[in-house]
Amino acid sequence: SSQKIYQPLVFPNGTSQRLPQTIIIGVRKGGTRALLEMLNLHPDVTAAESEIHFFDWEENYAKGLQWYGKQMPLSYPRQLTVEKTPAYFTSSEVPERIYNMNKTTRLLLILRDPTERVISDYTQVFFNRMQKHKPFQSVEEMLIRNGRVNLDYKAVNRSLYYIHMQNWLKYFPLSQIHIVDGDQLIKEPFPEMEKVERFLMLSPRINASNFYFNKTKGFYCLRDGVRERCLHESKGRTHPQVDSTVLNKLHEFFSEPNRKFFETVGRTFDWH
Ligand code: A3P
């Protein structure tokens, strides 16, 4: 179909806007921005700044690959183009669409402890509603309904990784999906980024000296030559204190889904 044809314009200096060969598919609040910025330290990588929402938003997908390509940054032929849209991971129609664009697309998925992720997700929505002076419920009210974990709360569903993973594995082999440990990326970004470089078959150009711990922020920040920068203040927010019985319920709730996820991907993570 015409959807498949994308012919980028090549500029005299040899650059063009090419479709991404690798996509950060999620998960929301997993550390997707940190991963994109850290990967962008590599000279052979160019990253789309904003979230494109091509494969998950109908009005964008309908515009076709021509539109998608035009959202990409300029790159040289030796460079990889990457985009990140965290909602892709949990959108069931997306795997087939990416497969149809290019079945050799290398996928990056960054995951965090599902309980931490839910609370981070809640915190994001809480901040947005507060800023707009909209009413909001406490994290406990959102999480628990009739004494049980509330499955209707979308943030809970997004943390059921094995369910979403199964959709991806219908189209992509596990070897084409690299899972970044988001908890490790927070604690020690460099070793996680070395693994990403290897997965993408990039030369080892990201160094330990590209990262320094910023005590004020409480997170690692990036050093690119002489330029030093931390992620935006919306990344690395203080989470609300969650009632311990609610936390225990969550940990218990996720233990079986987590086990299923470990089985699905043949790897375990240091989650509760
Ligand atoms: P919190 O703000 O809840 O701590 P995403 O970019 O996918 O929305 O993920 C946001 C999360 O990235 C943050 O969640 C934070 O924990 C995590 N993160 C990982 N590395 C980070 C870094 N170096 N600086 C800031 N946040 C980082």
Check: For the chain, what value does the Rg/Rh ratio take when both radii are computed over Cα atoms and Rh is the Kirkwood radius, given to two decimals?
Finding: 0.97
Notebook entry, point to check: Looking at this model, which pairs from Lys132/Lys215; Lys217/Lys260; Lys29/Lys187; Lys154/Lys235; Lys154/Lys217 are more than 24 angstrom apart at the alpha-carbon?
Noted result: Lys132/Lys215; Lys217/Lys260; Lys154/Lys217
Check: Beyond 22 Å, what share of the Cα-Cα pairs of the stretch 188-272 remains, rounded to the nearest whole percent?
Finding: 54 percent
Next item on the list: Calculate for the chain the 222 nm mean residue ellipticity that helices alone would give, adding -39,500 (n - 2.57) per DSSP H run of length 4 or more and normalising by residue count, nearest 500 deg cm²/dmol.
Entry: -11000 deg cm²/dmol
Check: Are there chymotrypsin sites (Phe, Trp or Tyr not before Pro) in the stretch 15-64 that DSSP puts in a loop and that have at most 15 other Cβ atoms within 10 Å, and which ones?
Finding: Trp57
Next item on the list: Sort Phe269, Phe261 so that the residue with the fewest other Cβ atoms within 10 Å of its own Cβ comes first and the one with the most comes last.
Entry: Phe269, Phe261
Notebook entry, point to check: Taking neighbour counts of Cβ atoms within 10 Å as a proxy for exposure, in what order, fewest first, do Met201, Met193, Met165 appear?
Noted result: Met201, Met165, Met193
Checklist line | Taking the stretch 54-144 and dividing mean pair separation by its residue count, relative contact order in percent (alpha carbons under 8 Å, at least six apart) | finding: 21 percent
Checklist line | For the stretch 114-167: span of alpha carbons on each principal axis (Å, largest first) | finding: 38, 24, 16
Check: At q = 0.13, 0.16 Å⁻¹, what base-10 log of I(q)/I(0) does the Debye formula yield for the stretch 65-187 when every alpha carbon is treated as an equal point scatterer in vacuo?
Finding: -0.71, -0.97
Notebook entry, point to check: Please identify the trypsin sites (Lys or Arg not before Pro) of the stretch 41-139 that satisfy two criteria: DSSP loop assignment and at most 12 other Cβ atoms within 10 Å. Which are they?
Noted result: Arg78, Lys103, Lys132
Next item on the list: Write out the GluC sites (Glu not before Pro) in the stretch 207-263 meeting two conditions: DSSP loop, and at most 11 other Cβ atoms within 10 Å of their Cβ.
Entry: Glu233
Checklist line | Whole-Hz couplings from phi, Karplus 6.51/-1.76/1.60, listed for the stretch 202-216; x for Gly and Pro | finding: 8, 5, x, 10, 7, 10, 4, 6, 6, 10, 9, 7, 9, 4, 5
Next item on the list: Give, as a single signed number, the net charge of other residues whose beta carbon lies under 13 Å from the beta carbon of Leu174, with Lys and Arg counted +1 and Asp and Glu -1.
Entry: +2
Note to self: Could you identify which residue out of His232, His178, His53 has the top mean-square fluctuation in a GNM of the chain using Cα springs shorter than 10 Å?
What the structure shows: His232
Notebook entry, point to check: In what order do Lys170, Lys29 fall by count of nearby beta-carbon atoms within 10 Å, going from fewest to most?
Noted result: Lys170, Lys29
Check: Excluding Leu247 itself, what net charge comes from residues whose Cβ is under 11 Å from its Cβ, given Lys and Arg +1 and Asp and Glu -1?
Finding: -3
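Every number here is computed from the coordinates shown, using simple stated rules; none is lab data. Values in this document were obtained by computation on a predicted structure and should not be read as measured data. Note: ideal-geometry Cβ built from the backbone for every residue, glycine included; neighbour counts use all protein chains shown.
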